[in-house]
Amino acid sequence: MCGIVGAVAERDVTPILLEGLKRLEYRGYDSAGIAVLNSGAGLERRRAVGKVSVLESGIEQSPLHGHVGIAHTRWATHGKPSESNAHPHICNEDVAVVHNGIIENHEQLRERQAAAGYRFTSDTDTETVVHQVHHYLQQGMDLLEAVRATTADLEGAYALGVISTKEPGRLIAARLGSPLVIGVGIGEHFIASDVAALLPVTQRFIFLEEGDVADLHRDRLTIYDANGRQVERAVRESELTADAAERGAYRHYMQKEIFEQAQAVANTLEGRISGERVLEEAFGPAAAEIFDAVQGVHIIACGTSYHAGLIGRYWLESLAGIPCSVEVASEFRYRKQVVRRNSLVVTISQSGETADTLAGLKEAKRLGFGKALTICNVPESSLVRESDLALMTRAGPEIGVASTKAFTTQLVALMLLVIALGRRHGMSGQEEARLVGQLQSLPRRIEEVLRLDPIIERLAEQFADKHHALFLGRGAQYPVAMEGALKLKEISYIHAEAYPAGELKHGPLALVDADMPVIVVAPNNELLEKLKSNLQEVRARGGELIVFADTRAEMESGDGIQIFDISPVEDEIAPIVFTIPLQLLSYHVALIKGTDVDQPRNLAKSVTVE
């Protein structure tokens, strides 16, 4: 959600800023812009509605060059998508600002600033920030002092990049509640919303902490904490390379990420298993002591990660015998809680910066739920820093907005947690060995399912004129159905719903007809016969069934029912395996519908504002 890039260098920074914006496109946006300080022309800005390519075309027609600059991709919160609302925002041709987050007291600031004679040219909350910085500059403060004074006036969340004609060799950055990273080059410094934007120019990064303000020059960098004290922050070497997020031979990032899942799962398992045993040290040095005290688990997550948590609940209760609750983060933080002591609070997030999940974790800690573990894909993220324990999914960069490999690796991480906790609640060594064996077989199982791709591509043609779809599953496969429905609606814009198959009689049957496909996941487990009965209810009402079934289920295609065979898989890991064909189906349907697969409308990859 939104993306910031900034640079101060001896070379022209415009190409760096443009490349950085392209690498942040996965976050979701509706407009983009750049502002640079040019020694001859002062402060120059270009903005455009739409893709970064539109902005780039405008710059080619009307070039701008400079040694200091800031750039932004905007996802509309305050004010509709338009050029006037696009960042950077400028005040009196002196100051330019880019901003991620939400300024909650912007209306009060706007009233005061309007009374002081400031003119507004946008509907955004961000414009109050640039006016406030300008106000303090007019009082004789330097740029650093002006930004620090401004942040003291702000309520809400922000990541800021600020430049001014009055100090053309300087870039000020600040963060509170929104991520911001500093890139350290040779005789140059950069800022960005995440490291992906800066990999072409550096692999050395500093991750700003809450309340930090950074003063960047070409040849030096100073960081101040929330109390105004000068501090040193560690410089970290990223293991990512500039081409780690390239599509390669794949048509879309989502397609690439679907096919990377076997390797991603192998990466998640690497170093976490010894023989037939899970190494709980992988969760952190204090894991054993923390796990010993756990009497229950409370999972907090959003979107796809929430679906992973729902599957984790089935596993924790059925395999480990531990009570588990799962909650959407945006609901958890706004309702009165009954605190359960000695609960392990588990947050799940691909980015580790999801605003609601982070706020939910902080609320759980404030209330005294217990210790916290995060399952996350970004080691330097806010959730990792705020948690007592962390298990990295190691999925690698996930660029497509519709999550795929993040979901499956989250499930693998959850199963590792189930085993680590389960051994404290009666799980035998034999049972642990059985589950570990299943996990180790997953890369092969995933590769087998991916071979269905050509068949599913042909199946997708049946959705060309469809506007609705129903997904069914039972037990731990119900959240898989939920995830399948979410994927289809996210990238193909087909209205899709998921239900437990046993709920058909409680409403969904009223929707069933020949025009609405019903997609079913059918592993071979104790609920199979009940599921078959549910499918007969659909067929009796003229519904068209598409069933992904374990070959041992002994189901055959016929009039109104298409069966797609899945090689036999154990019930515990079946949710991971059965997710793959639903991802492929949503991808190929989106191609037929002609949508923007990697950047679906109105959606953002990382939801870093509430």
Radius 10 Å from Cβ of H131, net charge of other residues (Lys, Arg +1; Asp, Glu -1):
+2
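What fraction of the DSSP beta bridges in the chain is antiparallel, stated in percent and rounded to the nearest 5? Spell out each step's value before the answer.
Details: 63 of 105 bridges.
Given both bridge residues lie in the chain, the antiparallel proportion sits at roughly 60 percent.
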Using the Cα centre of the stretch 258-408 as the reference point, and only Cβ charges (+1 on K/R, -1 on D/E), how large is the resulting charge dipole? Debye, rounded to the nearest 20.
500 debye
Label-point gap, in nm, between Q562 and Q139 - each point 7 angstrom along Cα→Cβ:
6.7 nm
Quick check: pseudo-label points 7 Å beyond the Cα along Cα→Cβ at A288 and H217, how many nm apart are they?
5.1 nm
Taking 195-208, 400-413 and ranking on average Cβ neighbours within 10 Å, highest first, one gets 400-413, 195-208
Tell me, what is the FRET efficiency for T551 and E210 to the nearest 0.05, using R0 = 56 angstrom and their Cβ-Cβ distance as r?
0.60
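For the chain, give the percent of accessible area contributed by carbon and sulfur heavy atoms, probe 1.4 Å, rounded to a whole number. Please list the in-between numbers first.
Working: 10730 of 23280 Å².
So the carbon and sulfur contribution to the accessible surface is 46 percent.
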Mind pulling the per residue volume of the convex hull built on the Cα atoms of the stretch 267-380? Å³ is fine.
115 Å³
Cα centroid separation, the stretch 335-370 to the stretch 178-252 (Å):
27 Å
Evaluate E = 1/(1 + (r/R0)^6) for E60 and T165, where r is the Cβ-Cβ distance and R0 equals 30 Å; express this FRET efficiency to the nearest 0.05.
0.75
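Relative to the Cα centre, what is the charge dipole magnitude of the stretch 158-252, using +1 at the beta carbon of each Lys and Arg, -1 at the beta carbon of each Asp and Glu, and rounding to the nearest 20 debye?
Numbers: 11 positive and 14 negative charges, 46 e Å.
That gives a dipole near 220 debye.
Based on the Cβ-Cβ distance of R251 and K593, what FRET efficiency does E = 1/(1 + (r/R0)^6) give at R0 = 22 Å, to the nearest 0.05? Don't skip to the end; give the middle numbers.
Values: r = 15 Å, r/R0 = 0.67.
That pair, R251 with K593, gives E of 0.90.
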Summed residue charge, Cβ within 13 Å of E10's Cβ, Lys/Arg positive, Asp/Glu negative:
-1
Backbone N under 18 Å from the K362 label point (7 Å along Cα→Cβ), restricted to the stretch 136-161:
151-160
Restricting the count to DSSP beta bridges whose residues both fall in the stretch 264-380, what percent are antiparallel, rounded to a multiple of 5?
10 percent
Residue (of T408, A214, V13) at the positive-pole extreme of the chain, dipole from beta-carbon charges
A214
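Do the alpha carbons of any pairs in K336/K487; K51/K256; K362/K487; K405/K489 sit beyond 27 Å of each other, and which pairs? Please list the in-between numbers first.
Values: K336/K487 32 Å; K51/K256 21 Å; K362/K487 29 Å; K405/K489 18 Å.
The pairs that break the limit, which is 27 Å between Cα atoms, are K336/K487; K362/K487.
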Quick one: accessible area per residue over the chain, 1.4 Å probe, rounded to a whole number of Å²?
38 Å²
For the chain, what is the charge dipole size about the Cα centre, in debye to the nearest 20, if Lys and Arg each add +1 at the Cβ and Asp and Glu each add -1 at the Cβ?
520 debye
Residues other than V49 with Cβ under 13 Å of its Cβ, Lys/Arg counted +1 and Asp/Glu -1, net out at +3
What 222 nm value per residue comes from the helices of the chain, counting each DSSP H run with n ≥ 4 as -39,500 (n - 2.57) and dividing by all residues, nearest 500 deg cm²/dmol?
-10500 deg cm²/dmol
Between Q295 and R458, what is the label-to-label distance in nm when each label sits 7 Å out along the Cα-to-Cβ direction?
5.8 nm
Per 0.36 nm of contour for each residue apart, how much would the distance between L511 and R236 grow if the chain were fully extended, relative to their Cα-Cα spacing?
93.6 nm
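The values are calculated or read from the model by the stated rules, or taken from the named source; none is laboratory data. For clarity, every value in this text was computed on a predicted model and none was experimentally measured. Virtual Cβ from ideal backbone geometry, glycine too; neighbours counted across all protein chains shown. These area figures cover heavy atoms from the full protein model, side chains too; ligands, DNA and RNA do not enter into them. Shrake-Rupley method; radii C 1.70, N 1.55, O 1.52, S 1.80 Å.
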